[in-house]
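For reference, the structure is listed below as structure tokens.
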Amino acid sequence: MACTFINEMLKPQAIRIGVISNTDSFIPFTYALATQGVMVHVFFSPSPDQFVNQKVAAFIQQTKIPFTEERNTSKDLYQWLQNGNYDVCFMLGYAHLIKLDRLKNQTMRIFNIHFGPLPGFRGPVPVFWQLKTGIERVGLAIHELSEKFDDGPVVWQNSVPNLPHYNYQLVNDILSQVCVEGVFYILNILLQRMPLSHINLSGSARAYQKRPGLNDVLINWEKMTATEVCNLIRAGNPWNKGGLSFFKGTEIKLIDAEVVDSKYDKGQAAGTIVTNERFLHIICSHGEAINVNMFFFNNAFLPAYLAKTAGLTLGEKLG
């Protein structure tokens, strides 16, 4: 519906859109705009992930969208904004705080697309924390840029159910599609010269989550329930190869797991392997257990039915 409406409203060259990003998640909404004949320009800050950079390069080569790659983080973006004469800019994933006082002479509107509900999931990796905490719906927000990270007035938000098979990468891919609707909604309002309404979030709890560290991805078998362990594994898959534990002093990462319905003897120590024929069941807190389907150990990806070959036998303990 939104795409049809904006297609009627926009004419090629009628509006100039700037896109600022360091991730490939900008591709869906940028492609949607470009296919409508909108003048889109991309400013890209290279990602530490070379696969992301290759994907972005392939997208630009295919679409021929005007493209600028950041070289100098202190000046390149400001020069690009000042020279671009953009009407609206959308930012997604850019790691540096933009100093608005350096853009005082600019009339453009700048919006940040944040893959987490605000103000409860501020921070650089909101998808990780949404999955780890196991909230019922994973969401995103688009807000006007302010002097602080993830802190401007929210003008659009949406969410989708947090399904059991979702992991970190899949949720990022889904939200990159969902945000297309938000971008078109904002542009439609602006093109009609109507004011953008700010969503009232005054009663919502504010929180900032840092970038995950070692303790954030480490499985605490004694304290974490089976559901919490599975949530952590999904939140760390694929970027951290799931949830981290140790086996005889060596790192082991659980890539995929599910909660086992039946409970085991509560007297068994958390982290203990209780079956390893073709399944790998591990005790969590409160006598609950998980069934591990895939793990990474000694630089190898292994399915559960090969656990014995790695020494993960009945009665052994992780942690």
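The values are calculated or read from the model by the stated rules, or taken from the named source; none is laboratory data. Because the structure is predicted, anything quoted here is derived from the model rather than measured. Virtual Cβ from ideal backbone geometry, glycine too; neighbours counted across all protein chains shown.
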Sole residue being of a type outside the set (A, V, I, L, M, F, W, C), at pLDDT 95 or above, under 14 Å from the mean Cα position of the chain (by Cα) and not assigned by TED's automatic domain parsing to the domain that holds Met224, chosen from Gly139, Gly134, Gly182, Gly120: Gly139
Scope the stretch 1-24; condition crowded, with 19+ Cβ neighbours inside 10 Å and either outside any helix (DSSP H, G or I) or at pLDDT below 55 (or both); matching residues: Ile6, Leu10, Ile15, Ile17, Gly18, Val19, Ile20, Ser21, Asn22, Thr23
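So that you can scan it fast, the table gives a plain yes or no per residue for (1) among the β-branched types (Val, Ile, Thr); (2) in contact with a Ser or Thr (Cβ under 7 Å, 6 or more places away or on another chain):
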residue: Ala57; (1), (2): no, no
residue: Ile60; (1), (2): yes, no
residue: Ser74; (1), (2): no, no
residue: Leu77; (1), (2): no, no
residue: Gly84; (1), (2): no, no
residue: Val88; (1), (2): yes, no
residue: Gly93; (1), (2): no, yes
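This table checks each residue for (1) among the β-branched types (Val, Ile, Thr); (2) assigned by TED's automatic domain parsing to the domain that holds Pro126.
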site: Leu187; (1), (2): no, yes
site: Leu201; (1), (2): no, no
site: Ser204; (1), (2): no, no
site: Ala207; (1), (2): no, no
site: Leu218; (1), (2): no, no
site: Trp221; (1), (2): no, no
site: Met224; (1), (2): no, no
site: Thr227; (1), (2): yes, no
Verdict on Phe43 being surrounded by 15 or more Cβ atoms within 10 Å (Cβ to Cβ) and in a helix (DSSP H, G or I): no
Selection from the stretch 67-93 of residues that are more than 21 Å from the chain's Cα centre (by Cα) and surrounded by 16 or more Cβ atoms within 10 Å (Cβ to Cβ): Phe67, Thr68, Glu70, Leu77, Trp80, Leu81, Gly84, Tyr86, Asp87, Val88
Number of positions in the stretch 188-210 that are under 25 Å from Arg122 (Cα atoms) and surrounded by 10 or more Cβ atoms within 10 Å (Cβ to Cβ): 11
Residue check, Asn83 farther than 24 Å from Leu175 by Cβ, in a helix (DSSP H, G or I) and among the polar types (S, T, N, Q): yes
Tabulated pairs, the stretch 60-80, first more than 17 Å from Met91 (Cβ to Cβ), second hydroxyl-bearing (Ser, Thr, Tyr) and surrounded by 13 or more Cβ atoms within 10 Å (Cβ to Cβ), C-beta under 8 angstrom, 6+ apart or interchain: Thr63/Tyr31
Enumerated strands (runs of 3 or more DSSP E) restricted to the stretch 229-319, each holding at least 1 residues that are touching an Asp or Glu at 6+ places or on another chain (Cβ under 8 Å) and surrounded by 15 or more Cβ atoms within 10 Å (Cβ to Cβ): 243-247, 250-259, 273-275, 289-297
Scope the stretch 57-109; condition touching a Lys or Arg at 6+ places or on another chain (Cβ under 8 Å) and not hydroxyl-bearing (Ser, Thr, Tyr); matching residues: Gly84, Asn85, Asp87, Val88, Cys89, Leu97
Residues of the stretch 25-40 that turn out to be buried (at least 20 other Cβ atoms within 10 Å of the Cβ), among the hydroxyl-bearing types (Ser, Thr, Tyr) and not in a helix (DSSP H, G or I), as a count: 0
